[in-house]
1. Only one residue in Arg248, Arg252, Arg274 is out of contact with any Gly (no Cβ under 6 Å at 6 or more places or on another chain), in contact (Cβ under 8 Å) with a residue 60 or more places away in the chain and among the basic types (Lys, Arg). Which one?
2. Given the conditions (1) aliphatic (A, V, I, L, M); (2) touching a Pro at 6+ places or on another chain (Cβ under 7 Å); (3) under 23 Å from Gln290 (Cα atoms), and given that Val6 satisfies all but one, which numbered condition is not satisfied?
3. Considering only residues that are out of contact with any strand residue (DSSP E or B) (no Cβ under 7 Å at 6 or more places or on another chain), of a type in the set (A, V, I, L, M, F, W, C) and surrounded by fewer than 17 Cβ atoms within 10 Å (Cβ to Cβ), which ones fall in region 206-224?
4. Go through region 20-61 and give me each residue that's out of contact with any helix residue (DSSP H, G or I) (no Cβ under 6 Å at 6 or more places or on another chain), crowded, with 17+ Cβ neighbours inside 10 Å and of a type in the set (A, V, I, L, M).
5. Within region 233-250, take every residue that is among the hydroxyl-bearing types (Ser, Thr, Tyr) and at pLDDT below 95 and give me the one that is surrounded by the most Cβ atoms within 10 Å (Cβ to Cβ).
6. Pick from Leu101, Leu64: which is of a type in the set (A, V, I, L, M, F, W, C), surrounded by fewer than 18 Cβ atoms within 10 Å (Cβ to Cβ), touching a Cys at 6+ places or on another chain (Cβ under 9 Å) and at pLDDT 95 or above?
7. I want to confirm something. Restricting to region 109-156 and keeping residues that are of a type in the set (S, T, N, Q) and in a strand (DSSP E or B), which single residue is farthest from the chain's Cα centre (by Cα)?
8. Quickly run through region 1-51 and pick out the residues that are over 23 Å from Gln181 (Cβ atoms), assigned to a loop (DSSP other than H, G, I, E, B) and polar (S, T, N, Q).
Amino acid sequence: MPYETVIGLEVHVQVRTRTKMFCACPNHFGDEPNSNVCPVCLGYPGVLPVPNAEAVRKTIAAGLMLGCKINEFSKFDRKNYYYPDMPKNYQITQFDLPFCLGGAVPLAGKGYSGEPLPDKRIGITRIHLEEDVGKLNHFGKVSGVDFNRAGVPLMEIVSEPDMRSADEAYAYLTALKQVMQYAGISDCDMEKGQLRCDVNISVRPFVQKEFGTKIELKNLNSFRAVHRSILHEITRQTAAVSSGEKLRQETRGWNDPAGETYLMRTKENAHDYRYFPEPDMMPVEHTPEQIAVIRYTLPEVPWVRRERFVTSTASPRTTLTS
């Protein structure tokens, strides 16, 4: 029985700003560990976060570049979980009222494998703004935490499950990165962790309308790793379902040298995070006039410019004869 792959991506993009999301610490990569920290981004008791206006503006700019609807009323929330790189044991993020909803990214050209891409648009579910976490560094038998990255403004761009192949996912990421760089929203340097991607993938028989069991792939540090991990997971899941195995919702990592995924944990659900509104910050409101001002500062979207150039070069030319 033939199977169809269903893919959605969650792309995390660090916003290019001078300071962090909720404090005045520098947003700068490569400094001495734990040198760009303060009581706010370390989560000391009694401190109050103050939103970075430039990070908010650039998140709205990203939404406008991708054709999103900009919510005039938004708020921040707390996502509660415990992990060594999370100094407050919760993350300030957005849940039910993000800055941006909807939008799309058109595919064009050829994929990573060189095959032509279908003429389709990959839908955007939402773009929300949050703070990044620290970074764990492992040294043999001990580990250290560098909190310089904790509190850096981070956009999460969630796609619709519209992709059907590894090539489409690769092309979507390429187009998304181009937009972020083109509009000056982020440098998207993956070696510095400025762009990170999680893949949600499932398979289903072509005759089935319902989605299959979703598997999340995390810790993918390059577009090539995204492409390879999807190809591997398509093969693994298809073989499992074909043999009658019942897949479970889980999170898997990617072992690049081995070229295979591995089980990390069973998948959490939204209620496990116990979201609730951030009590230390007021909601954020934008008027249509303020949104229009941001729109006015933006460049032409890359695929619109590309189409314009292609159309202009394809126009008939007059040949002069003597």
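The values are calculated or read from the model by the stated rules, or taken from the named source; none is laboratory data. Computed from a predicted structure; not experimentally measured. Cβ coordinates were reconstructed from backbone atoms using ideal geometry, including for glycine residues, and neighbour counts include every protein chain displayed.
1. Values: Arg248 fails: in contact (Cβ under 8 Å) with a residue 60 or more places away in the chain; Arg252 fails: in contact (Cβ under 8 Å) with a residue 60 or more places away in the chain.
From the options Arg248, Arg252, Arg274, the qualifying one is Arg274.
2. (3)
3. The one that is out of contact with any strand residue (DSSP E or B) (no Cβ under 7 Å at 6 or more places or on another chain), of a type in the set (A, V, I, L, M, F, W, C) and surrounded by fewer than 17 Cβ atoms within 10 Å (Cβ to Cβ): Val207.
4. Val37, Val40, Leu42, Ala55, Val56
5. Going through region 233-250, the residues among the hydroxyl-bearing types (Ser, Thr, Tyr) turn out to be 235, 238, 242-243.
In the following step, the residues that additionally are at pLDDT below 95 were identified as 242-243.
Working: Ser242: 12, Ser243: 7.
Per the criteria, the residue is Ser242.
6. Values: Leu64 fails: surrounded by fewer than 18 Cβ atoms within 10 Å (Cβ to Cβ).
Result of the check over Leu101, Leu64: Leu101.
7. Going through region 109-156, the residues of a type in the set (S, T, N, Q) turn out to be 113, 125, 137, 143, 148.
Now drop any that are not in a strand (DSSP E or B), which leaves 125, 137, 143.
Numbers: Thr125: 11, Asn137: 23, Ser143: 27 Å.
Looking at residues that are of a type in the set (S, T, N, Q) and in a strand (DSSP E or B), I get Ser143.
8. Asn34, Ser35, Asn36 - these are the residues of region 1-51 that are over 23 Å from Gln181 (Cβ atoms), assigned to a loop (DSSP other than H, G, I, E, B) and polar (S, T, N, Q).
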